[in-house]
Every structure is written in C-alpha cells, then in structure tokens.
Amino acid sequence: MSALPRSEAVNTNELPADISELNAIIGALPPEQRHQIEPVLARVIDSTKRRRRILSLVQDALSQLRLDMKYLVFDLEATRRERDEYRQRLKQHGDAGETETYRDDEDFGVEE
C-alpha cells in the first residue's frame, strides 16, 4: 500500500478549498479511521469533479447559444433589410399591387 491515501493523490487545484482542507485533515487521521472515511471522501471528490465538469459544459453550451442567437438576429435583420429593399424596388417599378399578395411579418406574429 502507498504511503499516501488515494484521496490525497487528488489534484487539489480542481477541488474547493473546504474539500481540500477536509482531505488534508482526513489524511492526518490514524490509518484505521482514515480507511473508514476515505471511500466516502472519494465519492464526495468524484461528485464535486463531476459537478464542475457539468457546470463547465453548461457554461460552454450557453456561450454557444448566445453566439448562435447573435448570428440569427444578424441574419434576421439582413433578411428584413433585403425584403424591404425588394418591396421598395417593386413599388418603384409600378408593381405595388403585387406586394399586397405577400404576407407581412405581422401575419406570422413576428415583431420587428
């Protein structure tokens, strides 16, 4: 068996300070007590790491969603500008009657 318990071999930079402190305190206990507590501590450490990974994934997903939303808003604004330019050209060419056959955004519940 190694001199250090398995829980002490954990990278303490990944853990909150209170869990690192708890790990150090448990490491200083007599071996019979330490062996009883180490499995529970290992589960707590694993759970903490898993929660941090999940939080990181959620933050990355939210960042990607924000970026995607910016692209969608940009695309929507560009599409509206193109639509408005097209309508203006139709009106200038005397085809104003045809523009009435197209639905406006209001018909679809879209607000500008």
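The values are calculated or read from the model by the stated rules, or taken from the named source; none is laboratory data. Since the model is a prediction, treat every value here as computed from it, not as a measurement.
Counting only residues that are of a type in the set (D, E) and at pLDDT below 85, region 70-112 holds 9 of them. Looking at L41, L22, L29, just one residue is outside any helix (DSSP H, G or I) and more than 25 Å from the chain's Cα centre (by Cα), and that residue is L29.
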